[in-house]
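Asks: To start, I am sharing the structure in question, which I have written as structure tokens.
The values are calculated or read from the model by the stated rules, or taken from the named source; none is laboratory data. If you're wondering where the values come from, they're calculated on a predicted model, not measured in any experiment. Reconstructed Cβ throughout: ideal geometry from the backbone, glycine too, with neighbour counts over all protein chains shown. Ligands, DNA and RNA are excluded from the accessible area calculation, which covers all protein heavy atoms including side chains. Shrake-Rupley method; radii C 1.70, N 1.55, O 1.52, S 1.80 Å.
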Amino acid sequence: MRLGSVLFLVLFAVAAAPANAEKRIALVVGNSGYQNITRLANAQNDATLIAETLRGVGFSLIGGAAQVDLDKPAFDKAIQAFGNQLIGADVALFYYAGHGVQIRGSNYLVPVSANPVREADVDFQMVDVALILRQMEGSGTKLNLVILDACRNNPFGGRGLRSASSGLAQIRAPEGTLLSYATQPGNVALDGAGSHSPYSQALSEIIRKPGLDVFQTFNQVGLLVKRATGGAQQPWVSSSPIDGSFYFAGQGRQEVATAQPQAALTQPPPSSPPPASSSRLTTNPLTLEQRAVAFVTNDMIRSEGSAAEYLDYARRSIEDQVDYYGKPTSRADVLKDKERYVARWPVRSYRLRPETVRASCDQPRSICHVDGVLDFNLSNPADGRKSSGASSFVFGIRFGPAGGRIFHESGKVIAAQKKK
């Protein structure tokens, strides 16, 4: 899971100092190319997008660019360089996109080389978020920010980390600190069906808007992510009191952020054009087709969770009667079938092929059908069985006040390779 959550930390900045006079230092990390667990499609893209966006609002980057696909030694070295560069800086920012896990209430970032077989391996193979916080707190900076767009699922499934929990743990914000998660504590964040995660896409857009202080910035980011995912992902902020204000792109006219928040959100500053690789989010309501695709994307992520987490999700997302692979089937019988499936394959990962995904909707009835192709990787550590390949899928989704529910599910394996 992309440490399926986002963590954001902020320490106080002096409001009277011009933004362009501040010394701003950022370490941006994106891990996609994992060697022993599920690769992530968008983490490297997200880090590159955020690095270029931060450069555009006055941050100096450790290494001069996003640091991608770091193993444990490289990750430690980058953090040490970050801590050294923070001496004498005004603002510190750490951004991470990649896998992350919560173990016994602590949050760990996962280097691409990590391959723990027992819980005791975690301290040596992963990076404790507390290490990042200590680098910042000991630097004398006026403002510290930590952003974790991780927790996209539990990448270790049944591999011996018995204390691993879903999502990231909520961290008590130190003095003068703001913590922002890509999704609620304990929940998973979406990797995104396009080239960027919903969170990084929203963050890149909003931090370039002048006139928004740090609280308004993350509130607007949260609203965009919530709308872009049909409510499936809702960023979360925790803060201690912060003395003063901080503006990523300059203070501008204060009334832009207070009296006309929608105008501030939708009017791009002429001096800060969006990076060419950025796909813009808007504040327009999602179409029913977009909600349907977001629902299916979230379903794929939920399907990678532990057996208990996935079955609990399935119980809430399936209608009482389902057209299940061509047969009318009760929810209870569908759940029994899924229970057998996850017992056979305790470790599961899925990757949508975005170019194949299509949605057609009946607007008056609030019904959609979504079809496409996904790649799958399944394994059972207990007996060594593995299976991988591609499969078509079709979902029928009915939307109501409480969200979407599945009334049709079918698919067919296109290609598969099994190993004993």
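Asks: Could you please give the count of residues in the range 134-150 that are surrounded by fewer than 24 Cβ atoms within 10 Å (Cβ to Cβ) and either at pLDDT 85 or above or at positive phi (or both)?
Replies: 3
Asks: Among the residues of the range 102-131, how many are more than 19 Å from the chain's Cα centre (by Cα) and hydrophobic (A, V, I, L, M, F, W, C)?
Replies: Here the count works out to 7.
Asks: Are any residues in the range 360-385 in contact with a Leu (Cβ under 7 Å, 6 or more places away or on another chain), farther than 15 Å from Glu304 by Cβ and not small (Gly, Ala, Ser), and if so, which ones?
Replies: Of everything in the range 360-385, those that are in contact with a Leu (Cβ under 7 Å, 6 or more places away or on another chain), farther than 15 Å from Glu304 by Cβ and not small (Gly, Ala, Ser) turn out to be Cys361, Gln363, Cys368.
Asks: So, Pro328, is that one out of contact with any Leu (no Cβ under 9 Å at 6 or more places or on another chain), surrounded by fewer than 17 Cβ atoms within 10 Å (Cβ to Cβ) and not in a strand (DSSP E or B) or not?
Replies: no
To keep it simple, each residue is scored yes or no on (1) over 15 Å from Ile132 (Cβ atoms); (2) open to solvent by 20 Å² or more (accessible area, probe 1.4 Å); (3) modelled with pLDDT of 95 or more.
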position	(1), (2), (3)
Gly56	yes, yes, no
Phe59	yes, no, no
Val68	yes, yes, yes
Leu86	no, no, no
Val101	yes, no, no
Gly105	yes, yes, no
Tyr108	no, yes, no
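Asks: Sort out which residues of the range 358-374 are closer than 13 Å to Gly411 by Cβ and touching an Asp or Glu at 6+ places or on another chain (Cβ under 8 Å), and write them in order of number.
Replies: None; the set is empty.
Asks: Test of understanding: among Ala343, Ala359, which residue is under 29 Å from Ile37 (Cβ atoms), of a type in the set (A, V, I, L, M) and either open to solvent by less than 60 Å² (accessible area, probe 1.4 Å) or outside any loop (DSSP other than H, G, I, E, B) (or both)?
Replies: One residue alone meets the criteria, Ala343.
Asks: State yes or no: is Gln80 open to solvent by 50 Å² or more (accessible area, probe 1.4 Å), in a loop (DSSP other than H, G, I, E, B) and at pLDDT 90 or above?
Replies: Criteria not met by Gln80.
Asks: Determine which member of the set Ile62, Ile79, Ile87, Ile37 is touching a strand residue (DSSP E or B) at 6+ places or on another chain (Cβ under 6 Å), β-branched (Val, Ile, Thr) and farther than 16 Å from Asp149 by Cα.
Replies: Of Ile62, Ile79, Ile87, Ile37, the one residue that is touching a strand residue (DSSP E or B) at 6+ places or on another chain (Cβ under 6 Å), β-branched (Val, Ile, Thr) and farther than 16 Å from Asp149 by Cα is Ile62.
Asks: Let me ask another. For the range 116-133, enumerate the residues that are in a loop (DSSP other than H, G, I, E, B) and open to solvent by 60 Å² or more (accessible area, probe 1.4 Å).
Replies: Answer for the range 116-133, where residues must be in a loop (DSSP other than H, G, I, E, B) and open to solvent by 60 Å² or more (accessible area, probe 1.4 Å): Val117, Arg118.
Asks: So, one more: For the range 1-36, which positions are hydrophobic (A, V, I, L, M, F, W, C), open to solvent by less than 20 Å² (accessible area, probe 1.4 Å) and either modelled with pLDDT of 50 or more or over 30 Å from Arg353 (Cα atoms) (or both)?
Replies: Within the range 1-36, Phe8, Leu9, Val10, Ala13, Ile25, Ala26, Leu27, Val28, Val29 qualify.
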